[in-house]
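One structure coming up, written as structure tokens, with questions to follow.
The values are calculated or read from the model by the stated rules, or taken from the named source; none is laboratory data. Source: prediction; values computed, not measured. With ideal geometry, Cβ positions are generated from the backbone for all residues, glycine too; neighbour counts draw on all protein chains shown. The protein model used for the area step is the full one, side chains on, heavy atoms only, and it has no ligands, DNA or RNA in it. Shrake-Rupley method; radii C 1.70, N 1.55, O 1.52, S 1.80 Å.
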Amino acid sequence: MSSSSASTSEPTVLHVGGASPYDVVVGHHLAERLPAMLGDDVTRVALLYAGPLGALAQPVADALATKYDVLALGLPDGEDAKHAAVANDCWEALGEAGFTRSDAVVTVGGGATTDLGGFVAASWLRGVKVVHVPTTVLAMVDAAVGGKTGVNTGAGKNLVGAFHEPAGVICDLAFLETLPRDEFVAGLGEVVKCGFISDARILEIVETIDPEALTWNSAELRELVERAVQVKIDVVVDDLKETGGKDGHPGREALNYGHTLAHAIEKTSDYTVRHGEAVAIGCVYVAEVARRAGLLTPEEVARHRAAFSRVGLPVSYDAATFQDLLAVMKVDKKARGNQLRLLALDGIGRPTVLAGPQDEWLREAYSAIAKA
Ligand code: GLY
């Protein structure tokens with residue numbers, strides 16, 4: 001498929017089954033599909049968009065205005081949106097506009113916007129319809145799909161929230177045209193992660209294409225996004241609330257591959273390292289731990305380094321001491337008591353939980369990823 005055909009061909013519809021089924025539509029210039037996702041029983045729509053997107057959100061506002069009364073609410077950019085005070089401002093605005101149970105929320109923005117907007121939808125009148133229109137690679141393949149919503153508190157990220165599945169997700173790849181390249185590449189961290197935990201075809205694409213050809217309108221980018229979304233769908237359909245998977249699969253926890261060290265890097269760097277970059281480093285790190293635990297071969301670890309670095313992601317880190325990172329990892333939400341639980345691989349595509357890894361493995365693996 002050529003690049004131009006990727007941006008003009010029919011959208012792909014990925015269906016999410018389960019108790020509240022919905023579709024994730026991937027393609028280009030898809031705003032006109034919104035009314036079909038929201039349905040006929042909706043009267044008013046609150047359009048919650050990342051403030052700096054402004055003009056980019058306009059086609060979505062226009063598509064909604066053909067059928068609904070639209071209340072447009074600009075939110076602070078990035079994590080600044082994920083505060084109870086911002087949710088409160090939204091609740092007040094919904095109250096003033098008289099939003100009822102049969103009205104709806106549409107979000108347009110990155111993962112912080114979909115998390116906050118999803119939480120407002122989950123909590124207003126104990127739950128109204130929400131459709132997400134993610135505008136970053138990261139939000140398309142992760143935050144917008146699967147129903148996790150929430151805000152941050154002084155004690156940490158995502159500590160208050162709810163599971164609230166959307167009525168639909170529109171992954172309009174045209175939004176990626178203006179996404180800064182660093183953000184675009186960082187989002188690929190979650191995509192490559194999906195390759196390692198489940199879909200080796202993702203790895204083959206990454207290993208064989210010219211990384212410069214991975215642009216918003218390329219067929220390869222579209223296939224990578226679709227495959228990563230499908231990995232997430234398969235996992236959340238089996239284990240929506242992260243209570244555990246079937247037949248020995250760790251379930252939704254598998255999506256946390258690389259995330260234990262990643263979260264520690266993000267926290268100790270005061271969030272100056274982007275999430276997808278930290279995930280790339282974290283996956284290489286846990287692969288190094290898994291090699292020491294006898295789960296992965298040196299060649300499989302090398303494949304991690306090669307795949308993430310090929311798309312421009314970092315695979316080494318030494319900006320924090322091992323002691324500082326270990327202290328944060330031990331209070332990670334996956335830890336039990338004082339025992340660390342790492343999501344590891346027992347071979348490519350075979351996620352498993354490594355409970356209580358030896359401190360020596362953890363320390364040696366950190367030396368292995370330290371910058372030369
Ligand atoms: N971001 C991981 C999850 O949705 O479970």
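Can you pull the Rg over Rh of the chain, Cα-only, Kirkwood? Display every interim value, and only then the final one.
On the way: Rg = 20.2 Å, Rh = 20.9 Å.
Rounded to two decimals, Rg/Rh equals 0.97.
Suppose the chain between Asp270 and Thr43 were pulled fully straight at 0.36 nm per residue; how much longer would it get relative to their current alpha carbon spacing? Let's see the in-between values first.
Values: separation 227, 0.36 × 227 = 81.72 nm, distance 4.21 nm.
In short, 77.5 nm is gained.
For the range 254-372, rounded, prolate or oblate, judged on the Cα gyration tensor with a ≥ b ≥ c (square roots of eigenvalues), a/c < 1.5 rounded, else prolate if a/b > b/c?
Working: a/c = 1.42, a/b = 1.03, b/c = 1.38.
Rounded is the answer for the range 254-372, as its axis ratio a/c remains below 1.5.
Once the piece of chain linking Ala61 and Glu364 is laid out straight, how much longer is it, given 0.36 nm per residue of separation minus the C-alpha distance between them? The partial results should precede the final answer.
Details: separation 303, 0.36 × 303 = 109.08 nm, distance 5.23 nm.
Answer, rounded to one decimal: 103.8 nm.
Just how many pairs of Lys in the chain have C-alpha atoms closer than 15 Å, counting pairs that are eight or more places apart or on different chains?
For the chain, the number of qualifying lysine pairs is 15.
Here's another thing I want to ask about it. Evaluate the distance, in nm, between pseudo-label points positioned 7 Å from the Cα of Val331 and of Ala93 along their respective Cα→Cβ axes.
Each label point is offset 7 Å from its Cα along the Cβ direction, giving 3.4 nm.
Over all distinct Cα pairs, what is the inverse of the mean 1/r for the range 35-83, reported as the Kirkwood hydrodynamic radius in Å?
For the range 35-83, inverting the mean 1/r across all distinct Cα pairs yields 11.6 Å.
What number, rounded to the nearest 500 deg cm²/dmol, is the helix-based mean residue ellipticity at 222 nm of the chain, given -39500 (n - 2.57) per DSSP H run of at least four residues and division by all its residues? Write down the numbers at each step before the final one.
Details: 13 runs with 152 residues, N = 372.
Calculated from helices alone, the mean residue ellipticity at 222 nm is -12500 deg cm²/dmol.
Checking the a/c ratio against 1.5 first, then a/b against b/c, what shape does the Cα gyration tensor give for the range 20-172?
On the way: a/c = 1.39, a/b = 1.18, b/c = 1.18.
Rounded.
Can I ask one more? Report the gain in length on full extension from Glu212 to Asp182: 0.36 nm times residue separation, minus Cα-Cα distance, nm rounded to one decimal.
Details: separation 30, 0.36 × 30 = 10.80 nm, distance 1.27 nm.
That pair, Glu212 and Asp182, stretches by 9.5 nm at full extension.
Evaluate Rg over Rh across the range 90-235, taking Cα atoms for both radii and Kirkwood's formula for Rh.
Here Rg/Rh amounts to 1.02.
With point charges of +1 on the Cβ of Lys and Arg and -1 on the Cβ of Asp and Glu, referenced to the Cα centre of the range 169-279, which listed residue (Leu214, Val229, His259) lies farthest in the positive direction of the dipole?
Going by the Cα projections, it comes out as His259.
For the chain, what is the accessible area per residue in Å², given a 1.4 Å probe and the full set of protein chains?
Working: 15080 Å² over 372 residues.
Value returned for the chain: 41 Å² of accessible area per residue.
Charges on Cβ only, +1 for Lys and Arg, -1 for Asp and Glu, centred on the Cα centroid of the chain; of Phe119, Thr321, Phe175, which one is farthest towards the dipole's positive end?
Looking along the dipole axis, the top candidate is Thr321.
May I ask you to give the percent of accessible area on the range 171-236 that is carbon plus sulfur, with a probe radius of 1.4 Å? Display every interim value, and only then the final one.
Working: 950 of 2120 Å².
Roughly 45 percent, rounded to a whole number.
Of all accessible surface on the range 8-162 at a 1.4 Å probe, what whole percent is carbon and sulfur?
Working: 3350 of 6300 Å².
C and S atoms contribute 53 percent here.
I would also like to ask the following. For the range 209-356, what relative contact order do you get, as a whole percent, if you take Cα pairs closer than 8 Å and at least 6 residues apart?
21 percent
To the nearest 20 debye, what charge dipole does the chain have about its Cα centre, counting +1 at the Cβ of each Lys and Arg and -1 at the Cβ of each Asp and Glu? Spell out each step's value before the answer.
Values: 33 positive and 49 negative charges, 184 e Å.
In total the dipole reaches around 880 debye.
Enter the Cα centre distance for the pair the range 221-295 and the range 35-52, rounded to the nearest angstrom.
31 Å
Test of understanding: in a Gaussian network model of the chain with alpha carbons linked when under 10 Å, which of Leu345, Leu240, Leu179 would top the mean-square fluctuation ranking?
Of the options given, Leu179 has the highest mean-square fluctuation.
Just the number, please: carbon plus sulfur as a percent of the accessible area of the range 296-372, 1.4 Å probe, no ligands or DNA/RNA counted.
Ligands and nucleic acids excluded, carbon and sulfur reach 50 percent.
Separate question: Compare Thr114, Thr321, Thr352 in a GNM of the chain, Cα atoms joined below 10 Å, and give the one with the largest fluctuation.
Highest fluctuation of the listed residues: Thr321.
Related question: Taking only C-alpha pairs under 8 Å that are 6+ residues apart, what is the relative contact order of the chain in percent? Don't skip to the end; give the middle numbers.
Numbers: 736 pairs, mean separation 52.2, N = 372.
It rounds to 14 percent for the chain.
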